[in-house]
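Please treat every number below as a calculation from the coordinates, not as lab data. Small disclaimer: the values here were computed from a predicted structure and weren't measured. Ideal geometry is used to build each Cβ from the backbone, glycine not excepted, and the neighbour counts take in all protein chains shown.
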Amino acid sequence: MPFLVTGVCLLGAGWIAWLGTPFCRRFAERHGFVDDPGGRKRHAGGRSLLGGAAVFLGLWSIVAAGLLGAGLLRSLGVLEPWLGPFGSDVVELARVGLPLAGLFGGSLIVGVLGARDDRSPLGAGAKLLGQVVAASVTVAAGAQCQFLPGGQLVNAIASVLWIVTITNAFNFIDNMDGLCAGVGAISGAILLAVALTQRQYFMAMILASHTGACLGFLRFNFPPASIFLGDLGSHVIGHFLGSVTLLLSYVAGAGEATLAVLLPPIALGLPLLDLIRVSVLRLRQGRPVWVGDNQHLSHRLRHDETTDRAVLARLYLLALCLGGNALLLIGASPWQGAVIGLLTVCLGALVWMLLGPDDRAHS
């Protein structure tokens, strides 16, 4: 039953995102949400933005439908008799209701922020402030880590910083067709597998909705894309994945601090690797971290004879290799977790060294 309901969430969110993307494209074209070529942008002709609105719609419409449906069945007294033991796990929604509301509120804020930036680019300071506000709303609602010494304030600040970091990591990798949505789907699928293994079925349904929404949109965003994800989409995906790893209902069932501490950065390894690598290179060159260039992993893998689809395939595989190590943490002892974390860092460092800086960074 858990796998059936999870599959329904995944397919339902994918179907809604798939149907909604053409409407988002027409709305974007009609209201000027268009990305024109020029500078570092290689696409020919304008491309519609606001594809992220379809991802947002696919994700949260299924979550809302699930909550309403579960509430109705529970009020009728048929939820647990119909679903058996799974019904008891669905009732968990009452316990995580506030953090889930905070996650939705934060997603809505970064979605509006991203849409505003898509329409007319915002300054780096304004975007960062909006990201902090969104993360603070989510953390204040209860989605925060609990393992750091120093009390709740220290954990809350660390949680805000984590969510903002992951939001920007996905915003950074949104630099070629299909990359951010594809990696978002892969990361969501990895966390989904962990949630199912840990019997965190309610979180599994939410993660399935996210993964399905990303895949439904990817149908239109895979090279050659007919619509872009936009800052709206990259912010929503990044904020969601950064926040969902901190939800107490998610990590509480793990029973191991090792899983709670190491799982988030390992599962989101590729976006973090790209963010750290690009930031270090720009700082070494005396350039602002927030100013774009051609030093991302996707740029380093792209050559004149390499197609965008081939580059995507390599990056998807790398995302699986890095993030998939999170599955090895399940049931691992602290020292085993440390070894898995070290091996993941070594793999990321190897990729970093093999690629090196890009001589075309300033082009």
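Determine, from the Cβ-Cβ distance of ARG116 and ILE276 and an R0 of 22 Å, the FRET efficiency 1/(1 + (r/R0)^6), rounded to the nearest 0.05.
Here the calculated transfer efficiency is 0.20.
In nm, to one decimal, how far is the LEU148 label point from the VAL345 one, both placed 7 Å along Cα→Cβ?
Going by the 7 Å Cα→Cβ label model, 1.8 nm.
If we count every other residue with Cβ under 12 angstrom of ASN168's Cβ, Lys/Arg +1 and Asp/Glu -1, where does the sum land?
-2
Can you give the net charge of the other residues whose Cβ lies under 10 Å from the Cβ of LEU49, counting K and R as +1 and D and E as -1?
For residues surrounding LEU49, the net value is -2.
So how do SER187, SER333 line up by other beta-carbon neighbours within 10 Å, fewest first?
Listed from fewest to most nearby Cβ atoms, that is SER333, SER187.
Hey, fewest Cβ within 10 Å first, where do ARG284, ARG219 land in order?
ARG284, ARG219
Among HIS31, HIS296, which comes first, then next, by fewest other beta-carbon atoms within 10 Å?
Taking fewest neighbouring Cβ atoms as first place, the list is HIS31, HIS296.
Any chance you could run the full-extension gain for THR197 through ASN294? It's 0.36 nm times the residue separation minus the Cα-Cα distance, nm to one decimal.
The THR197-ASN294 span can extend by a further 31.0 nm.
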